[in-house]
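Trainee: The structure follows.
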Amino acid sequence: MLHKTRGVVFKYFKYRDTSIIVKIFTEAFGLQTYIVNGVRSSKSKGRIALYQPLTLLDLVVYHKPSSDINRISEIKCTTPLKTIPYNIVKSSLGVFMAELLYKSIKEEGEVADLYEFVHHSIEILDNMERNYLNFHLQFLLKLTKYLGFGITSSDQFFLLLSDDHLSEKTHLLLNESFTSPVVIKNSERRMLLEHLIAFYKVHIDNMGEVKSIKILREVLEDIQ
């Protein structure tokens, strides 16, 4: 049966000579796995670009609840990303966010609030012209609410920071909008990210290593 849904690409894996297996977080069905044949062939005319991390899609998909892998009938880009693929800082943030989301979102089924938050956050990052160096930190802090283990202003998480100044900055990152500038040092940014990853690992089973952190750190270090 065919269904219409919006989706956000998390990652894809090469499959055989010209195909891919792609992980897409859909508004209607949660995290889904699709096989796409021939998309890596010379005749695909660049359609592999539709499956890059954080691409926002409109989809018509076949969905069988009993099937681990489904197929896509129609696909188009909802809102082409204008800056994330071409800005080294934003693209590094995007790859990190996509990996974290892939490791964090386990459930299937309708997840409208979570989907809307993820979709809207990507659009905000893509449109920001400045003050986005802390975006990944704010995203992780705010995402916890939608994953069911939300950090609040009175949460014990702040006690673990062991630094009143960093705790104050973290409160601001949690409660302010993405576009509100919060100035923190790069050393504080690294420390908070380490605490957040550790916090996620406590709440998410088998989360494993977040491989994109290394590249993200190097990119952020270079611009300081």
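The values are calculated or read from the model by the stated rules, or taken from the named source; none is laboratory data. Just so it is clear, the model here is predicted, and its values are computed rather than measured. A quick note on method: Cβ atoms are made from the backbone with ideal geometry, for glycine too, and the neighbour counts reach across all protein chains shown. These accessible areas exclude ligands, DNA and RNA; they are computed on the full protein's heavy atoms, side chains included. Shrake-Rupley method; radii C 1.70, N 1.55, O 1.52, S 1.80 Å.
Trainee: Within segment 2-12, which residues are in contact with a Lys or Arg (Cβ under 8 Å, 6 or more places away or on another chain) and open to solvent by 10 Å² or more (accessible area, probe 1.4 Å)?
Mentor: Within segment 2-12, Lys11, Tyr12 qualify.
Trainee: Same structure, new question: What residue, among those in segment 19-44 that are in a loop (DSSP other than H, G, I, E, B) and not charged (D, E, K, R), is surrounded by the most Cβ atoms within 10 Å (Cβ to Cβ)?
Mentor: Here the answer is Val39.
Trainee: Mind checking whether some residue in segment 65-72 is touching a strand residue (DSSP E or B) at 6+ places or on another chain (Cβ under 6 Å), farther than 11 Å from Gly7 by Cα and acidic (Asp, Glu)?
Mentor: no
Trainee: Does Arg217 satisfy the criteria of being among the basic types (Lys, Arg), in a helix (DSSP H, G or I) and in contact (Cβ under 8 Å) with a residue 40 or more places away in the chain?
Mentor: Here the answer is no, as Arg217 does not meet what is asked.
Trainee: Still on this structure, I have one more. Among the residues of segment 127-149, which ones are open to solvent by 10 Å² or more (accessible area, probe 1.4 Å) and either closer than 23 Å to Cys77 by Cβ or assigned to a helix (DSSP H, G or I) (or both)?
Mentor: Asn127, Met128, Glu129, Tyr132, Lys142, Lys145, Tyr146, Leu147 - these are the residues of segment 127-149 that are open to solvent by 10 Å² or more (accessible area, probe 1.4 Å) and either closer than 23 Å to Cys77 by Cβ or assigned to a helix (DSSP H, G or I) (or both).
Trainee: Further, regarding this structure: Between a first residue in segment 174-191 that is of a type in the set (Lys, Arg) and a second residue that is open to solvent by 80 Å² or more (accessible area, probe 1.4 Å) and in a helix (DSSP H, G or I), which pairs have beta carbons less than 7 Å apart while being 6 or more apart in sequence or on different chains?
Mentor: The qualifying pairs are Arg190/Arg217.
Trainee: In segment 48-69, is there at least one residue being touching a helix residue (DSSP H, G or I) at 6+ places or on another chain (Cβ under 7 Å), farther than 23 Å from Thr83 by Cα and of a type in the set (Val, Ile, Thr)?
Mentor: no
Trainee: List the residue pairs whose Cβ atoms are under 7 Å apart, where the first residue sits in segment 60-75 and is under 11 Å from Phe29 (Cβ atoms) and without any contact (Cβ under 8 Å) to a residue 40 or more places away in the chain, the second is open to solvent by 40 Å² or more (accessible area, probe 1.4 Å) and in a strand (DSSP E or B), and the two are 6 or more positions apart or on different chains.
Mentor: Close Cβ pairs satisfying both conditions: Asn70/Tyr62.
Trainee: On to the next question. Is there a residue being open to solvent by 60 Å² or more (accessible area, probe 1.4 Å) and not in a helix (DSSP H, G or I) anywhere in segment 193-206?
Mentor: Scanning segment 193-206 turns up at least one residue that is open to solvent by 60 Å² or more (accessible area, probe 1.4 Å) and not in a helix (DSSP H, G or I).
Trainee: Sort out which residues of segment 1-18 are part of a strand (DSSP E or B) and touching a residue at least 40 places away in the same chain (Cβ under 8 Å), and write them in order of number.
Mentor: If the condition is that a residue be part of a strand (DSSP E or B) and touching a residue at least 40 places away in the same chain (Cβ under 8 Å), then Leu2, His3, Lys4, Thr5, Arg6, Gly7, Val8, Val9, Phe10, Lys11 are the ones that fit.
Trainee: Looking at (1) basic (Lys, Arg); (2) in a helix (DSSP H, G or I); (3) open to solvent by 10 Å² or more (accessible area, probe 1.4 Å), can you tell me which one Lys106 breaks?
Mentor: In the conditions (1) basic (Lys, Arg); (2) in a helix (DSSP H, G or I); (3) open to solvent by 10 Å² or more (accessible area, probe 1.4 Å), Lys106 misses (2) alone.
Trainee: Among Leu159, Leu172, Leu166, which is assigned to a helix (DSSP H, G or I), open to solvent by 20 Å² or more (accessible area, probe 1.4 Å) and modelled with pLDDT under 90?
Mentor: Leu159
Trainee: I'd like to verify a number: residues in segment 4-18 that are in contact with a Ser or Thr (Cβ under 9 Å, 6 or more places away or on another chain) and at pLDDT 95 or above, how many?
Mentor: Within segment 4-18, residues that are in contact with a Ser or Thr (Cβ under 9 Å, 6 or more places away or on another chain) and at pLDDT 95 or above number 5.
Trainee: Among the candidates Ile122, Ile184, which residue alone is part of a loop (DSSP other than H, G, I, E, B) and surrounded by 13 or more Cβ atoms within 10 Å (Cβ to Cβ)?
Mentor: When all the criteria are applied, what remains is Ile184.
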